[in-house]
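Let me begin by presenting the structure, written as structure tokens, before commenting on it.
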Amino acid sequence: MFQMSEPARRLLLACGCLAATNVVAEDERGLAQVVVTATRTEQSIREVPAAVSVIDRERIEASGATTVDQVLQGVPGVYAARMDASSPNRIAQTYTRGLPGNSRTLVLLDGIPMNVLYDGQVDWSQLSTQDVERVEVVRGASSGLYGANAMGGVINVLSRAPEPGTKTRLGAEYGSLNSKRLLVSHSQRFGATSVRVSASHFTSDGYDMWRPDTTIPAANRDKIGTLKDNAAIKLLHEIDSRSFIEAGVSYLKDEATGFYRPGAPGYQPSKREQYVPTVRYVRDDESSNTSVALYGRFGKQWADTLNPVTYRTISEKGLYEDRSLGFNAQHSHALGSIHRVTLGLDFLDGDVDNHFSYPGSSRLRDTRGDLRRYGVFIQDEMALTARWKLNLAGRYDHWTTGGNQVDSGVGQPSTSYRERSAGDFSPKLATLFKVNDAFNLRASAGRAFNLPDMFNLYANTRRGTTTYWANPDLDPETVKAYDLGADYYFGRRGYVKATLYYNDAKDFIYSVRRDATNVDKINVGAVTTRGLELEAAYRPSEALALSASFTYNRSRIEENASNPALEGKSLTSVPRRQGQVRADYRWPGGATLSAAVNRVGKRYADDINSKSYKAYTTLDLSASYPLGKTFSARLNVVNVGDKVYDGIGYLAPGRTVTAGLYANF
């Protein structure tokens, strides 16, 4: 059988192309995991001067999650607000370090940016969880290496690679809300070339998510369900013992169903399709590493609006198209025993085209926005002594954006927005000091930024009876971020980590209600977030693993010249406190049992803090059992106590139960 060379094996691991479980097995405890996101180079997690969490393949399978954001529950500093797998992607929210809004956390898929240009949203279902090897979460400002969006941190989803030999996996799941999922994957090697193909299909009737205080009449509220299809293929060819080339494409269809009654013929609440093709070349020499990647992201979304009086006719039909083409390259080189210098270049060219028609009318409306940006960065990882490491990074980004709106309606404006160009420099300094072999101290300071998305700049939209007004004069958001942390390791059995953080953001983009039917997008003068992250893991025995996390966060508006009444108010949708306690047990025969208690604190629902979502606590259970060498079964119970709680704007479904049967050949 073809055996991969050791340099290539390490290289594939660093790029997320080889099972991380290999390293976990070598370390037995998983405490020396290799991570690549924090510094864009391969590092042991114990040597990285950053707050980093890793969710490995074993944890992903134990969670029973069908979307990647569901596995983020329990990561300190991260609030993942999806209530259930039946929730459509477009209402899922994930925030980092108290900065609300998906666009303020950069999400990567194998290093490729996944935040949609239109509104910063993330299609968390782009890969089925069966295709995810691990997830790396780096908390803290990261524009010094990654550019826009990385204000609160970076979440890097690393996909599974082809496995040795020939392997096939089949799965079928059924659960509450008439939820059904079918899974298939096949992996095979042909000498130096390997391939992995996979597909999944998920449907759910959903449930009534509407909050009691919604303005939608009870007679017009329907269940909200979903249909998700995934397909992916990855080809990998090892050119020699030090280099490889990889090509792949993933496909997603995410469709929402229901929402309103009685509805109208042909009504489509939301349907999104997206293709993400990638090509990557990597070479690893004795003292250097080079990688080059080309990628694209092509998405379409159909979303209709019903007449808000009768809910029987379509008042607006919308088609949203987005396209991104990108390129990134980096070269890392060790200079003696002290310095490792990395140089890199990123380029992205993208545009969005929104087309609206109005049944029964000849009116047409088109909104267009485009963005071109490039970034260059440099990083020096310095081992000043055997115990003291210092990382210095800096990145310059330049962007150009513009847009226009054409409306054929009588009395409706057609506008061409001025093209805007600007640049931003993002430095970052991070250090780690090893007091001894068990105790690390770390600190970092950096600057990050976020560009206004096309939705905020150019797209006036109407939801129900409320109009959300775009603002083409919005400025980029910036943040100065600081954190101080300590990590203590109990040999190879566990660890305790604590991090204090402070973010000082300027020109924060915020939605402020003008009156009962209008919401404006403005730059708020200053916003701060500050908090404490705690994370612990311990293995008292080979069979039992315990873990816990806790986050305290305070996010508030410090300055708002346009509306001083908001000064001192908390940001919306961000919990003050959240945490998780988890236990995982594995019997010698392979059976497993997992339990997790999740706590999410109160979140404010409006900018003046007059309404709030109540705190809640849930218990989740998961068990698996091997049925011989080929088959296995799994049972997941989410929200055992059947709590009905508030997500962000919608209610959770109560208790859900899912059973699955799997076969490995």
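The values are calculated or read from the model by the stated rules, or taken from the named source; none is laboratory data. All values reported here derive from a predicted model rather than from experimental measurement. FYI the Cβ positions are ideal-geometry reconstructions off the backbone, even for glycines, and counts take in every protein chain you see. Accessible surface is based on the protein model in full, side chains and every heavy atom, while ligands, DNA and RNA are left aside. Shrake-Rupley method; radii C 1.70, N 1.55, O 1.52, S 1.80 Å.
Normalised by the number of residues in the chain, the average gap of Cα pairs under 8 Å and 6 or more apart makes the relative contact order 11 percent. When log10 I(q)/I(0) by the Debye sum over Cα atoms at q = 0.07, 0.08 Å⁻¹ is calculated for this entry, the matching label among (i) -0.44, -0.58; (ii) -0.65, -0.76; (iii) -0.50, -0.65 is (i). Measuring with a 1.4 angstrom probe and ignoring ligands and nucleic acids, D453 comes out at about 20 Å² accessible.
Among residues other than I509 with Cβ under 12 Å from its Cβ, the summed charge is -4 (Lys and Arg +1, Asp and Glu -1).
The per residue volume of the convex hull around the alpha-carbon atoms of the stretch 541-648 is 125 Å³. What the Cα convex hull of the stretch 50-161 gives, in volume per residue, is 95 Å³. Taking each of K253/K614; K317/K643; K167/K228 in turn, the alpha-carbon distance tops 30 angstrom for K253/K614; K317/K643. Here the average projected area of the convex hull drawn through the C-alpha atoms of the stretch 527-584 stands at 4.5 nm². Surface composition of the chain: carbon plus sulfur atoms hold 58% of the accessible area, using a 1.4 angstrom probe and ignoring ligands, DNA and RNA.
Taking every alpha-carbon pair under 8 Å whose residues sit at least 6 apart, the stretch 220-309 reaches a relative contact order of 27 percent. Averaged over its residues, the chain has an accessible area of 40 Å² per residue, based on protein heavy atoms and a 1.4 Å probe. Taking amide H positions as modeled 1.01 Å from N, with prolines and chain starts lacking one, the residues under 5 Å from R261 and 5 or more places away or on another chain are R221, D222. Using 0.36 nm per residue and subtracting the Cα-Cα separation, the extra length available between L325 and L500 on full extension is 59.3 nm. The lysines within cross-link reach of K434, meaning a Cα-to-Cα straight distance under 24 Å and a gap of 8 or more places when in the same chain, are K389, K497.
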